[in-house]
Amino acid sequence: MTSSQSGQRPDERPDERPDELDDLEQLAPPTPAQVRASARAVAAVVCGAVSVALVSVVALLPVPFAVESPGPVRDVLSVQGDQRLISITGAPTYPASGSLDLTTVSVRGGPGRSLDLGGQLAAWLDDDSAVLPEAALFPPGATEQQVDESNAAAFTGSQQAATVAALTELGYDVPVQVVVTDVVDGSGAAGQLRDGDVVTAVDGAAVTDATALRDAIRSVGVGRDADVRVQRDGLAVDAAVPVTAGQDGSPVLGVLVRERAEPPVDVEIAVDRIGGPSAGMVFALGVVDLLTPGDMTGGKRFAGTGTIDSAGNVGAIGGVRQKMLGARAAGAEVFLAPAANCGEVAGRVPDGLRVVAVSTLAEARRAVEEVGAGRGQDLPGCS
């Protein structure tokens, strides 16, 4: 068939014109509205990318907060290999059933271990964690090494105090000396007391341990002189030492001291990777249990926390809620809490855990013995 027969000119193609029009439309410049829409889209993409980058950077920035979470739990009556966690020589020991768990807090943040914003936000969303200012947990300006050394020293001191308190509770005579380890420059004690002095009395009252010394200084009060008697190189020396106000306003003598004792029974506590003084009460209970005939715990699982001094006084600790959570997760039935912490305990006790408030080692021992024997319904809690 020819072109003349089809009614079309030889150079005409039916589909060519529409294609040319489409190409012309595509090559036409965009309208102002299209330009604005395109610019907004590009800006949105750029802003989104910048925002993501900024959030990522900010999330990694260190923040002046620390996080407390439930930490490991250790049974002080347990055996590692062929050795107990608490080993005692110089006195007969007895089998112990049940558990006496020391509880700990895992801390993120602080000197040398800065917490980033992402970690802080995650902790805020975790009901088991607590976010606190660093200053609430660490001394201002302290380095990571100083914090570690302080925690290690406090832990060692708590073991000695626990040993003395436990042996005293069982009727042993354990004399304690309060030894000056450092004199603060510019304090009232500077030039009056020396490293190595053994403090024996303040204003005529015998100093039998560090708690007795602290109480005696408080009785003197800020702005007065304390009549301090020390043993120095085998001689009795008297000094009038001005009592000043410490950082928290409480009366201080201006010295650092430690307790020195030589117990008639040797107690070794093999626990590592734990610092601070808060396991003292549980250590003392473990020593009492091992040196006492009979089954003190009645096979039950106890846990607890609290500082202890040589006189057997139980003191407050931090992170008590996280320690209760850790104890319950480990299967504890009863938690021994310092009475001084009851304000933080009330209303926050995990389901299935009973809390007994104690102020002394004697009270803690009685609580374990009573509950272990199936009694103790009248023991005080925190409410």
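The values are calculated or read from the model by the stated rules, or taken from the named source; none is laboratory data. These figures come from a predicted structure and were not determined experimentally. With ideal geometry, Cβ positions are generated from the backbone for all residues, glycine too; neighbour counts draw on all protein chains shown.
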## Note on the structure
ILE217 meets each of (1) assigned to a helix (DSSP H, G or I); (2) under 28 Å from the mean Cα position of the chain (by Cα) with one exception, condition (2)
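Does THR143 fit the bill of being within 30 Å of VAL76 (Cβ to Cβ) and among the polar types (S, T, N, Q)? Walk me through how you get there before you give the answer.
On the way: within 30 Å of VAL76 (Cβ to Cβ): no; among the polar types (S, T, N, Q): yes.
When the stated conditions are applied, THR143 does not pass them.
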### Query
Looking at region 167-180, is at least one residue at pLDDT 95 or above, among the aromatic types (Phe, Trp, Tyr) and over 18 Å from PRO242 (Cα atoms)?
yes
### Task
Enumerate the pairs (first residue in region 140-157 and surrounded by 12 or more Cβ atoms within 10 Å (Cβ to Cβ); second residue anywhere and assigned to a helix (DSSP H, G or I)) with beta-carbon separation below 8 Å, excluding pairs fewer than 6 apart on the same chain, so at least 6 apart or on different chains.
ALA142/SER150
#### Entry: Among the residues listed as THR168, THR181, the single one being in contact with a Lys or Arg (Cβ under 7 Å, 6 or more places away or on another chain), closer than 30 Å to LEU285 by Cα and either assigned to a helix (DSSP H, G or I) or among the hydroxyl-bearing types (Ser, Thr, Tyr) (or both)
THR181
### Task
Determine, yes or no, whether ASP209 is of a type in the set (Asp, Glu), closer than 25 Å to THR307 by Cα and surrounded by fewer than 20 Cβ atoms within 10 Å (Cβ to Cβ).
no
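Please find, among LEU61, LEU115, LEU125, the residue that is modelled with pLDDT under 75 and surrounded by fewer than 16 Cβ atoms within 10 Å (Cβ to Cβ).
Values: LEU115 fails: surrounded by fewer than 16 Cβ atoms within 10 Å (Cβ to Cβ); LEU125 fails: modelled with pLDDT under 75.
From the options LEU61, LEU115, LEU125, the qualifying one is LEU61.
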